[in-house]
Amino acid sequence: NAGVTQTPKFQVLKTGQSMTLQCAQDMNHNSMYWYRQDPGMGLRLIYYSASEGTTDKGEVPNGYNVSRLNKREFSLRLESAAPSQTSVYFCASTRIRAGGKQFFGPGTRLTVL
Amino acid sequence: GENVEQHPSTLSVQEGDSAVIKCTYSDSASNYFPWYKQELGKRPQLIIDIRSNVGEKKDQRIAVTLNKTAKHFSLHITETQPEDSAVYFCAASVAGRETSGSRLTFGEGTQLTVNP
């Protein structure tokens, strides 16, 4: 059981470039989430997918898009990266019947120059 | 939406002392309150959680208490050890909604330092 995996681990982009962060879970979880964590701050929800086929905005969705490709995979896309999107991005997942326990991936450290 | 406030932002204790971190939440519908520990450069790890139908939960040296009336919950770590040094996050959510998922709202974190 790999749990929640994310790729890539590190990425450097130039302003205006695009990229997709990948997340996959092998725990048969229904819901998946994308967070960003800025230095010295808590985690802020970008987008989430309560179940396969649905996605919803979180607290800070501007500048991002998501795709729930199937039950296992949930990707986050930056169409035109900006320096303000420099952050650590965490993916998480949960099984609804588990009552909310979220399990996190190892994170992607993104720097936008 | 939910708002979670966490205090203190930094906490320094001597090894063997107790540490207490407090959080308040705003949404009375919140019913699930997890605590995460995050070591430097690592992912947040769930260490303990509590549901609104329980007032206190304990797991070895850590315990969490919940006061629903006052809308606050606390993390207690006893007999602290240097390996307890990390950032601790509280969170709140309304768990169990099949259509909307369990959105966690996090506090801003407490940097706990345990001095040997």
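The values are calculated or read from the model by the stated rules, or taken from the named source; none is laboratory data. Small disclaimer: the values here were computed from a predicted structure and weren't measured. Because the Cβ atoms are built from the backbone with ideal geometry, glycine has one as well, and the counts that use them run over all protein chains shown.
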Q) For the subset of the stretch B:1-47 comprising residues that are farther than 20 Å from residue B:113 by Cβ and under 12 Å from the mean Cα position of the chain (by Cα), which member is nearest to the other protein chains (Cβ to nearest Cβ)? A) B:32
Q: Could you tell me whether the stretch A:29-51 includes any residue that is buried (at least 16 other Cβ atoms within 10 Å of the Cβ), in a loop (DSSP other than H, G, I, E, B), among the aliphatic types (A, V, I, L, M) and more than 10 Å from the chain's Cα centre (by Cα)?
A: yes
Q: Give the stretch A:56-97 a look and list any residue that's free of Cβ contacts under 8 Å to residues at least 24 places away in the same chain and facing chain B (nearest Cβ under 10 Å), or say none.
A: A:56, A:59, A:97
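Looking at B:10, B:78 in this structure, which one is closer than 24 Å to residue A:38 by Cα and at pLDDT 95 or above? Break it down into steps so the answer makes sense when it comes.
On the way: B:78 fails: closer than 24 Å to residue A:38 by Cα.
Result: B:10 is the single residue among B:10, B:78 that is closer than 24 Å to residue A:38 by Cα and at pLDDT 95 or above.
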Q: Could you please let me know if residue A:16 is small (Gly, Ala, Ser) and under 22 Å from residue B:90 (Cβ atoms)?
A: no
Q.
Return the residues of the stretch B:95-107 that are buried (at least 19 other Cβ atoms within 10 Å of the Cβ) and either closer than 17 Å to residue B:11 by Cα or at pLDDT below 90 (or both); say none if nothing qualifies.
A. B:95, B:101, B:102, B:103, B:104, B:107
Q. Of all residues in the stretch A:11-55, how many are more than 10 Å from every other protein chain (Cβ to nearest Cβ) and touching a Gly at 6+ places or on another chain (Cβ under 8 Å)?
A. 7
Q.
Pairs needed: first member in the stretch B:50-63, within 14 Å of chain A (Cβ to nearest Cβ); second member anywhere, of a type in the set (D, E, K, R); C-beta distance under 6 Å; at least 6 residues apart or different chains.
A. B:50/B:57; B:52/B:68
(Q) I'm trying to understand the selection: among the residues of the stretch B:21-37, which are closer than 16 Å to residue B:7 by Cα, in a strand (DSSP E or B) and not charged (D, E, K, R)? (A) B:21, B:23, B:24, B:25, B:33, B:34, B:35, B:36
